[in-house]
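Data block below; observations after.
The values are calculated or read from the model by the stated rules, or taken from the named source; none is laboratory data. Here the structure is a predicted model, which is why all the values come from computation and not from measurement. In this analysis, Cβ positions are derived from the backbone assuming ideal geometry, glycine residues included, and neighbour counts consider all displayed protein chains. Quick note on the areas: whole protein, heavy atoms, side chains included, nothing else; ligands and nucleic acids left out. Shrake-Rupley method; radii C 1.70, N 1.55, O 1.52, S 1.80 Å.
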Amino acid sequence: MQVRSFLISSWLLIELIATAFAVADENISRDNLNPFFASYCNDCHASGADEGGFNLDAIGSDLGDPATFAKWERVFDRVHSGEMPPKDSDSVPQQDREAFVRLLATPLTQVHAAHKGTIFRRLNRREYQNTMNDIFGTNLNLESRLPQDGRSHEFDNIGEALGISMVHLQQYLTAADDVIAAATMATVERPETNTLTASYAETDEGKKFIGEIWKKLPDNSVVFFSNASYPTGMLRGTEVKPPGRYKVRVSGYAYQSDRPITIRIGGTSFLRGSEKLTYGYAELPPGAMTTIEMEVDIQARYMIEIDACGIDTGNFNIRKDGLDNYKGPGIAINQVELTGPIIDEFPGRGHKLLYGEFVRTPTKTHKFQREQLFELSADEPRQAAEKTLLAIAAQAFRRTVSPSDVARYVGLFQQQLEEGSTLEAALRSAVAAVFCSPDFLYLNEPDGWLTDDAIAARLAYFLTRTTPDDELRSVAAAGQLSKAPAALLTQTRRLLDDPKHQRFVVDFCDVWLNLRDIEFTSPDQQLFPEYDEYLQYSMLQETRQFVAKMIADNLPVTNLVKSDFAMLNDRLAEHYEIKDVTGPTIRPVELPSDSLRGGLLSQASILKVSANGTNTSPVVRGVWVTERILGRTPQPPPPEIPGIEPDIRGATTLRELLEKHRDLDSCRDCHAKIDPPGFALECFDPIGGYRERFRSLGDGDKVNFELAGRKVRYKLGPQVDASGTLADGTQFAGYQEFREYLVAHPDILATALTTKLLTFATGRELGFSDRPLVAGIVAKAEDKGYRVGDLIDLVVTSQAFRMK
């Protein structure tokens with residue numbers, strides 16, 4: 001109770017300091033701190049002594065310098081937590097520790113509070129793309145055209161990391177032109193919706209491979225027995241014109257199989273080399289002809305491609321035994337239909353937004369030109385342009401605008417006309433300029449309490465990753481968001497139910513859990529031959545839908561590390577050795593009480609992004625868990641200390657190498673914190689499979705196992721040891737005991753998740769003076785069991801969310 005009372009009182013003290021003081025001097029004074037250092041610290045960390053690589057005399061005094069601030073913050077944390085002075089030293093009286101914490105908290109809080117929230121934040125690439133497409137009703141890939149966004153720790157939407165360059169501006173202009181062109185590409189009459197039908201039997205590939213490795217059936221279906229890279233399942237005759245949203249219908253069935261077979265339906269293009277898109281996975285039952293239907297967005301010059309999952313023979317057995325003698329399973333595809341483009345409204349949203357104030361008259365079209373040409377006209381072109389720019393700027397600038405806000409763009413329009421541009425070209429130039437404006441590219445957040453418009457923008461980009469919709473803008477215009485927490489919560493829950501909220505799930509998981517690096521490494525096919533494209537696709541879906549379910553069902557935060565369910569399909573269930581799960585659809589599956597699965601840490605996507613394609617590192621995985629689940633950023637390794645290279649032949653485990661590494665004074669302290677969580681995850685291999693022994697291509701025991709008709713080449717090496725001892729002395733025998741330790745500390749999990757949510761929502765890294773606010777949110781969530789939905793509500797109504 002005494003320690004808990006000390007923690008609460010010290011955080012309250014920091015909160016009072018943050019609100020009561022203004023920064024007068026950013027240089028820290030050591031005078032009041034030196035007595036504590038002299039009594040308890042200097043023997044190990046001063047006057048040339050730098051145990052653990054830390055020397056107090058070497059720390060500067062300018063707290064305005066981020067590196068210096070971080071070192072003093074580290075001193076505070078280690079004394080505050082009781083970690084320093086260490087337990088084996090003389091006991092530190094509680095009153096001395098409290099006095100030191102109070103003295104050091106004052107300047108740290110003052111300086112951080114003065115600097116936080118001052119960054120002018122730019123839209124990142126994903127936010128830019130979403131906003132442009134949502135305003136104009138387009139569906140263009142703009143993200144890939146823009147330079148990579150900078151990162152601050154794991155986040156790519158942090159203001160201080162988002163610079164801008166001439167390359168950005170050039171690409172913004174090009175992107176704006178392309179979006180405007182796509183939005184206004186229209187004919188006088190609504191385009192017709194057409195249906196085209198194609199069959200593999202009538203393609204050049206069919207004529208070449210039917211009878212050799214493809215089989216044609218009496219019902220005109222063509223059977224594939226392999227998903228080998230060549231021949232692919234690309235289907236000529238499915239190249240659509242124009243691009244857009246199409247209904248795809250695939251008719252077929254599982255052949256020579258007593259169970260359903262999963263197929264991948266995707267797109268491929270000659271123009272983009274080997275680039276492939278996956279539209280989705282579906283299941284073909286055996287025997288009876290079945291039609292699968294889905295709506296997908298198809299880009300220009302892309303054709304449908306169909307692959308079978310889990311039946312790959314490499315065509316070896318077919319060529320050896322003959323096609324008629326081969327009795328293995330395959331997929332019979334009868335035909336593919338594409339219907340579209342599916343047009344929800346005509347003219348489109350962008351067309352009406354741009355040309356609603358003008359008359360658009362068709363002109364003569366050249367016989368080789370696909371698009372209808374138009375000529376704009378208006379009785380009062382300047383007034384029509386001003387009305388158009390006011391409507392566009394209100395959406396682009398995310399606030400109410402006046403004629404003075406668009407005067408410069410109206411002036412540009414007029415100048416272009418006077419220089420001989422057509423009315424349409426002049427209007428496009430002015431609109432493109434709006435979308436290169438700082439008012440669009442940056443979130444306009446005033447210092448101090450945010451305006452209703454700024455709150456609306458922050459909420460929309462947080463939960464739907466795009467500009468505020470009409471209802472949210474209307475509530476903001478009425479002044480309800482800043483004055484009525486109930487209105488803010490109503491809008492929060494509405495956006496959580498919006499289909500665009502899936503963007504939040506994807507983007508937040510990408511940065512928080514590092515899922516964006518799922519393709520950064522390719523697992524070694526000799527060590528992990530079971531890894532395939534379908535498994536990777538399912539990995540991502542599992543984690544994203546798990547996080548979405550935690551939010552939608554308002555589940556306790558402990559589900560992050562242990563849940564009684566998993567989000568599975570047939571491929572994941574096979575990978576995890578869980579029975580009785582069929583079909584490609586991800587859904588909740590109840591787990592037995594002793595299951596290793598359940599929670600994030602045992603999900604294949606997490607285990608893959610925290611490993612490379614060959615082996616696992618307890619250090620890498622330990623850092624991942626410490627940063628992303630426990631919310632503690634480990635210190636970087638000393639520059640003179642080399643990293644540990646694993647023994648790729650499998651004779652020596654990384655645990656054995658780390659034992660020697662930790663003998664170094666400069667390494668011991670940090671590794672005592674980060675290695676144990678990594679050791680706990682050693683029972684999972686680099687693709688998330690359970691293991692009791694390491695796989696090896698060198699030393700080890702041979703494995704008598706075949707996969708897809710081929711013997712595996714890996715061997716089994718040393719036994720896995722997933723035991724460890726945490727920094728507080730707690731020992732665990734394996735992953736399950738480690739997981740129980742985390743479950744017993746929901747406040748730590750809730751604090752970490754709250755910090756991640758607030759960082760993502762506000763676009764700035766949280767720091768020292770934010771700690772009391774985070775602690776307050778977590779304290780309020782405790783009564784209801786630290787539930788994820790409640791944490792989101794508390795985040796959006798917090799002071800940190802509503803202030804810059």
Checklist outcome for this item: Taking the range 503-527 and keeping residues surrounded by fewer than 21 Cβ atoms within 10 Å (Cβ to Cβ), more than 11 Å from the chain's Cα centre (by Cα) and touching a residue at least 12 places away in the same chain (Cβ under 8 Å) leaves Glu519, Phe520, Thr521, Ser522, Asp524, Gln526
Checklist outcome for this item: Within the range 747-773, residues being charged (D, E, K, R) and either over 21 Å from Ser152 (Cα atoms) or open to solvent by less than 10 Å² (accessible area, probe 1.4 Å) (or both) number 2
Checklist entry - Across the range 240-267, what is the total count of residues that are modelled with pLDDT under 90 and within 20 Å of Gln335 (Cβ to Cβ)? => result 2
Next on the checklist: Can you go through Tyr537, Tyr576, Tyr531 and tell me which one is farther than 25 Å from Lys784 by Cα, open to solvent by 50 Å² or more (accessible area, probe 1.4 Å), among the aromatic types (Phe, Trp, Tyr) and touching a residue at least 60 places away in the same chain (Cβ under 8 Å)?
Outcome noted: Tyr537
Checklist entry - Does Ala182 satisfy being in a helix (DSSP H, G or I), within 21 Å of Thr466 (Cβ to Cβ) and either open to solvent by 20 Å² or more (accessible area, probe 1.4 Å) or basic (Lys, Arg) (or both)? => result yes
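Yes or no, residue by residue, for (1) more than 30 Å from Pro341 (Cβ to Cβ); (2) of a type in the set (D, E, K, R):
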residue: Gln110; (1), (2): yes, no
residue: Ile119; (1), (2): yes, no
residue: Gln129; (1), (2): no, no
residue: Glu143; (1), (2): no, yes
residue: Leu146; (1), (2): no, no
residue: His153; (1), (2): yes, no
Checklist entry - So is Val222 touching a residue at least 40 places away in the same chain (Cβ under 8 Å), aliphatic (A, V, I, L, M) and under 30 Å from Ala183 (Cα atoms) or not? => result no
Checklist entry - Hey, does the range 51-59 have a residue that's among the small types (Gly, Ala, Ser), open to solvent by 60 Å² or more (accessible area, probe 1.4 Å), modelled with pLDDT under 85 and in a helix (DSSP H, G or I)? => result yes
Item to check | Among (1) assigned to a helix (DSSP H, G or I); (2) more than 23 Å from Ala752 (Cα to Cα); (3) modelled with pLDDT of 95 or more; (4) not hydrophobic (A, V, I, L, M, F, W, C), the one test that Ser482 misses | outcome: (3)
Next on the checklist: Any residue that is more than 19 Å from Glu519 (Cβ to Cβ) and part of a helix (DSSP H, G or I) - is there at least one of those in the range 604-611?
Outcome noted: no
Next on the checklist: Being assigned to a loop (DSSP other than H, G, I, E, B), open to solvent by 30 Å² or more (accessible area, probe 1.4 Å) and not aliphatic (A, V, I, L, M) is the filter here; which residues of the range 83-96 pass it?
Outcome noted: Glu83, Pro86, Lys87, Asp88, Ser89, Asp90, Ser91, Pro93
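Rundown of residues vs (1) in a loop (DSSP other than H, G, I, E, B); (2) open to solvent by 30 Å² or more (accessible area, probe 1.4 Å); (3) under 20 Å from Phe508 (Cα atoms), yes/no style:
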position: Glu542; (1), (2), (3): no, no, yes
position: Leu572; (1), (2), (3): no, no, no
position: Thr585; (1), (2), (3): yes, yes, no
position: Leu600; (1), (2), (3): yes, no, yes
Item to check | Wholly enclosed helices (runs of 4 or more DSSP H) of the range 350-442 bearing at least 3 residues loosely packed, with under 14 Cβ neighbours inside 10 Å and modelled with pLDDT of 95 or more | outcome: 403-418
Item to check | Residues (closer than 20 Å to Glu127 by Cα and part of a helix (DSSP H, G or I)) located in the range 485-503 | outcome: Gln491, Thr492, Arg494, Leu495, Leu496, Asp497, His501, Gln502, Arg503
Checklist entry - Would it be correct to say that Ser5 is surrounded by 13 or more Cβ atoms within 10 Å (Cβ to Cβ), at pLDDT below 70, of a type in the set (S, T, N, Q) and at negative phi? => result no
Checklist entry - Hey, among the residues in the range 190-205 that are under 16 Å from Tyr255 (Cβ atoms) and within 40 Å of the chain's Cα centre (by Cα), which one's surrounded by the most Cβ atoms within 10 Å (Cβ to Cβ)? => result Tyr200
Checklist entry - Looking at (1) part of a helix (DSSP H, G or I); (2) under 30 Å from Val359 (Cβ atoms), which is the only condition Pro191 fails? => result (1)
Checklist entry - So which of Ala99, Ala105, Ala114, Ala70 is under 26 Å from Asp447 (Cα atoms), modelled with pLDDT of 85 or more, open to solvent by 30 Å² or more (accessible area, probe 1.4 Å) and part of a helix (DSSP H, G or I)? => result Ala70
Checklist entry - Looking at the range 789-801, is at least one residue touching a Lys or Arg at 6+ places or on another chain (Cβ under 8 Å), of a type outside the set (Ser, Thr, Tyr) and closer than 28 Å to Gly82 by Cβ? => result no
Next on the checklist: Among (1) within 23 Å of Ile311 (Cβ to Cβ); (2) modelled with pLDDT of 95 or more, there is one condition Lys579 misses while meeting the rest; what is its number?
Outcome noted: (2)
Checklist entry - Would you pick out the residues in the range 548-559 that are among the hydrophobic types (A, V, I, L, M, F, W, C), in a helix (DSSP H, G or I) and open to solvent by 10 Å² or more (accessible area, probe 1.4 Å)? => result Ala548, Ile551, Ala552
Checklist entry - Pick from Gly785, Gly776, Gly729, Gly734: which is under 22 Å from Leu459 (Cβ atoms), small (Gly, Ala, Ser), over 24 Å from the mean Cα position of the chain (by Cα) and open to solvent by 10 Å² or more (accessible area, probe 1.4 Å)? => result Gly776
Checklist entry - Phe120 fails exactly one of the following numbered conditions: (1) open to solvent by 50 Å² or more (accessible area, probe 1.4 Å); (2) over 24 Å from Thr762 (Cα atoms); (3) among the hydrophobic types (A, V, I, L, M, F, W, C). What is the number of that condition? => result (2)
Checklist entry - Does Leu681 satisfy being in contact with a Phe, Trp or Tyr (Cβ under 9 Å, 6 or more places away or on another chain), without any contact (Cβ under 8 Å) to a residue 24 or more places away in the chain and buried (at least 16 other Cβ atoms within 10 Å of the Cβ)? => result no
Item to check | Residue selected from the range 692-723 under the condition part of a loop (DSSP other than H, G, I, E, B) and of a type in the set (Asp, Glu), by the criterion surrounded by the fewest Cβ atoms within 10 Å (Cβ to Cβ) | outcome: Glu692
Checklist entry - List, please: which pairs have Cβ atoms under 6 Å, are six or more places apart or on different chains, and start with a residue in the range 183-208 that is more than 23 Å from Ser221 (Cα to Cα) and at pLDDT below 90 and end with one that is aromatic (Phe, Trp, Tyr) and in a helix (DSSP H, G or I)? => result Ala183/Phe136
Checklist entry - Would you pick out the residues in the range 285-305 that are more than 16 Å from Glu337 (Cα to Cα) and among the aliphatic types (A, V, I, L, M)? => result Ala288, Ala300
